[in-house]
Amino acid sequence: MIINPDDLNEKDTYKLLIGAVVPRPIAWVSTVSSDGKQNLAPFSFFTVASRNPPILAITIGQGTNEREGTIKDTLMNIRKQKDFVVNIATVALANEMHRSAENLPSDVSEFDYTGLTPVASEVVKAPRVEEAPINIECVLHDVIKLGNDHLVLGRVVRYHVKDELYEDGRINVEKLAPIGRLAGNYSLVETIFSLPKDDLKDFLTKSFDRNKEE
């Protein structure tokens, strides 16, 4: 099947993108408004944009449902305060992360709603999620409008990593247990292997069978 995106509406284009580009890492972004209201929301259009300087990229779309077409609080806060924190969501925090994506009134803090703990950052004004094993403080580098979305580029100014995850300058991904976004669901990073692997087919079959049993 060949599909021309010009023949699709925005909703159908979105469904193809989120079903094909998987799994996607999740940026659990914390910000603060100019009047001190703390905000927390997950975004799965997220990746590394640059290594030197270290820059993260997050795409923020418009509000949905009853707030359809509006500018999201996260984007408004980043534009005004010029900073944000990317917190890494893990399987242990999956329910809280999912609840923070609900359409709440602007005067309701997702920290209060989910029971998570905001803690002060070292450089930026935005708070960190204390329960998250990794927090990345970012200052705004640029916001680029792309159609109805906005690409937010943030320069990393501080990393906060739990001691048990940091080994020889690297993150132990197995201990981290991050989750990824699929089309409408989530995935757990649990089968990790190196390439090339001569017995790849047999290895994957055993891993699949073991996961089904569990």
*Which members of the stretch 97-119 meet the condition of being hydrophobic (A, V, I, L, M, F, W, C) and part of a loop (DSSP other than H, G, I, E, B)?*
Ala101, Leu104, Val108, Leu116
*Go through the stretch 20-40 and give me each residue that's farther than 16 Å from Thr59 by Cβ and among the polar types (S, T, N, Q).*
Ser30, Ser33, Ser34, Gln38, Asn39
_Exactly one condition in (1) farther than 30 Å from Lys37 by Cα; (2) surrounded by 13 or more Cβ atoms within 10 Å (Cβ to Cβ); (3) in contact with a helix residue (DSSP H, G or I) (Cβ under 6 Å, 6 or more places away or on another chain) is false for Ile179; which is it?_
(1)
*Taking interchain pairs and intrachain pairs at least six residues apart, which have beta carbon atoms under 6 angstrom, with the first residue in the stretch 128-140 and among the small types (Gly, Ala, Ser) and the second at pLDDT 95 or above?*
Ala132/Asn87; Ala132/Ile88
*Enumerate the pairs (first residue in the stretch 1-23 and touching a residue at least 24 places away in the same chain (Cβ under 8 Å); second residue anywhere and of a type in the set (D, E, K, R)) with beta-carbon separation below 8 Å, excluding pairs fewer than 6 apart on the same chain, so at least 6 apart or on different chains.*
Ile18/Arg24; Ile18/Arg181; Val22/Arg181; Pro23/Arg181
*Scan the stretch 42-68 and report the pairs whose first residue is modelled with pLDDT under 95 and whose second residue is hydrophobic (A, V, I, L, M, F, W, C), with Cβ atoms within less than 8 Å and a gap of 6+ or a chain change.*
Gly61/Phe45; Gln62/Ile71; Gly63/Ile71
_Condition met for Ile179 (β-branched (Val, Ile, Thr), in a strand (DSSP E or B), over 22 Å from Leu75 (Cβ atoms) and in contact with a strand residue (DSSP E or B) (Cβ under 8 Å, 6 or more places away or on another chain))_ = yes
*Residue under evaluation Asn87, criteria (1) out of contact with any Lys or Arg (no Cβ under 7 Å at 6 or more places or on another chain); (2) not in a loop (DSSP other than H, G, I, E, B), criterion not met*: (1)
*Does the stretch 201-209 contain at least one residue that is in contact with a strand residue (DSSP E or B) (Cβ under 9 Å, 6 or more places away or on another chain) and at pLDDT below 95?*
no
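Is it true that Asp163 is over 30 Å from Ile60 (Cα atoms) and either at pLDDT below 95 or in contact with an Asp or Glu (Cβ under 6 Å, 6 or more places away or on another chain) (or both)?
No, not satisfied.
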_Breaking point among (1) surrounded by 12 or more Cβ atoms within 10 Å (Cβ to Cβ); (2) farther than 17 Å from Leu40 by Cβ; (3) of a type in the set (Ser, Thr, Tyr), for Thr205_ = (1)
*Residue that is under 16 Å from the mean Cα position of the chain (by Cα), outside any strand (DSSP E or B), surrounded by fewer than 18 Cβ atoms within 10 Å (Cβ to Cβ) and not hydrophobic (A, V, I, L, M, F, W, C), where the choices are Glu131, Glu122, Glu164, Glu174*: Glu131
*State all residues of the stretch 87-118 that are exposed (fewer than 14 other Cβ atoms within 10 Å of the Cβ), at pLDDT 95 or above and of a type in the set (Val, Ile, Thr); if no residue qualifies, say none.*
Thr117
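The values are calculated or read from the model by the stated rules, or taken from the named source; none is laboratory data. These figures come from a predicted structure and were not determined experimentally. Every residue, glycine among them, receives a Cβ derived from its backbone with ideal geometry; neighbour counts consider all protein chains shown.
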